[in-house]
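Notes follow the structure.
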Amino acid sequence: MIGQVLVNGILLGGIYALVSLGLTLIFGVMRIINFAHGQFLMLAMYATYWLFQLYGMDPYVSILIVVPLMLVIGMGAYRMIIQPIIDASEMTHVFATLGLNLSLQGIALFLWQGDFRGIRTSYSSLVIHLGPLYINIPRLIIFLCAIAAILALFLFLKKTYTGKAIRASAQKRVAAQLMGVNLSKIYMIAFGIGIAIVGLTGAVLMPIYEVFPSVGSLFALVAFVVVVLGGLGNLGGALVGGIVIGVVESVSGVFIAPALKEGVYFIIFVIILLLRPTGIFGKAVIR
């Protein structure tokens with residue numbers, strides 16, 4: 001039983017890590033906490049749902065459409081909302097992204113009402129047996145997608161010119177500009193990639209989750225905890241933080257009470273912040 005609980009927690013942590021990856025990338029590069037992150041996830045889930053309903057497209061195949069679509073939407077959101085306030089105060093960033101969050105949720109509620117909509121495929125409840133353990137295939141795929149996304153993003157940032165420009169802009173904005181980096185373009189690309197990762201997350205979540213206008217808020221709350229635990233801006237920390245929260249939620253839900261599982265990981269979250277305010281892998285920054 002304990003082994004099954006741990007497996008479930010690790011797979012759940014993969015979901016949280018994938019949801020959090022785009023959020024930590026955007027903060028790491030632009031130092032903006034995107035409070036609309038969950039609503040972009042909601043849009044990706046709706047896009048996957050309608051591709052399945054209207055065209056019979058498998059959720060995993062819809063990745064080929066949803067990810068580029070969310071990349072474009074992310075770049076557009078940056079141009080219209082983030083770019084004009086990029087040099088404003090942090091409070092301005094908070095209000096702008098919160099306003100975007102409420103606007104996207106309101107539009108979704110107007111267009112599709114508050115109904116729960118889901119996709120059921122032949123593999124939605126498929127499991128494999130490893131001795132006494134049962135592993136849900138869609139959840140395993142999400143976990144592998146989280147690892148693959150982190151590796152791909154790491155290689156992109158390390159090996160490509162654009163990736164190096166993103167890293168330089170994150171480290172020293174003025175120095176990067178002096179070296180010829182188009183800061184506005186780089187920020188737009190980074191924001192778009194962060195939202196594209198959300199598109200991947202929304203597509204792979206649909207076989208096992210239902211979508212409704214406020215679903216993004218549920219995931220975003222956990223994502224903020226994961227990002228802070230792992231260290232703001234740390235890609236590997238997002239995976240570790242997601243697994244920690246997933247295991248804590250799974251264990252506490254079984255051995256304490258399902259209704260208290262969120263309370264347990266929030267208590268751990270507060271304790272870690274008291275002991276290490278920068279998170280598990282975060283570093284202190286002189287401002």
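The values are calculated or read from the model by the stated rules, or taken from the named source; none is laboratory data. The structure displayed is predicted, hence computed values, not measured ones. We place every Cβ from the backbone using ideal geometry, glycine too, and count neighbours over all the protein chains shown.
Brief remarks follow.
- Residue 55 touching a residue at least 60 places away in the same chain (Cβ under 8 Å) and either over 21 Å from residue 216 (Cβ atoms) or not acidic (Asp, Glu) (or both): no
- Sub-9 Å Cβ pairs linking a first residue in segment 142-166 that is within 12 Å of residue 235 (Cα to Cα) and at pLDDT 90 or above to a second residue that is surrounded by 12 or more Cβ atoms within 10 Å (Cβ to Cβ) and of a type in the set (Lys, Arg), at least 6 apart or interchain, are 157/164; 157/167, ordered by first then second residue.
- All positions within segment 33-61 that are surrounded by fewer than 21 Cβ atoms within 10 Å (Cβ to Cβ) and of a type in the set (A, V, I, L, M, F, W, C): 33, 50, 54, 57, 61
- Each residue in segment 63-98 was checked for being over 19 Å from the mean Cα position of the chain (by Cα) and either modelled with pLDDT of 95 or more or aromatic (Phe, Trp, Tyr) (or both), and 1 of them qualify.
- Subset of segment 216-238 (residues that are out of contact with any Leu (no Cβ under 8 Å at 6 or more places or on another chain) and either at pLDDT 85 or above or assigned to a helix (DSSP H, G or I) (or both)): 217, 218, 221, 222, 225, 226, 229, 236
- Qualifying residue in segment 84-92 (condition: assigned to a helix (DSSP H, G or I) and touching a residue at least 60 places away in the same chain (Cβ under 8 Å)): no
- On inspection, residue 60 qualifies as part of a loop (DSSP other than H, G, I, E, B), in contact with a helix residue (DSSP H, G or I) (Cβ under 9 Å, 6 or more places away or on another chain) and hydroxyl-bearing (Ser, Thr, Tyr).
- Checking residue 138 against (1) closer than 30 Å to residue 31 by Cα; (2) modelled with pLDDT of 90 or more; (3) not aliphatic (A, V, I, L, M), the condition it does not meet: (1)
- Checking each residue in segment 1-35 for being among the polar types (S, T, N, Q) and more than 21 Å from residue 157 (Cβ to Cβ) picks out 4, 8.
- Residue list for segment 1-57, restricted to those being closer than 30 Å to residue 168 by Cα and part of a loop (DSSP other than H, G, I, E, B): 31, 32, 33, 34, 35, 36
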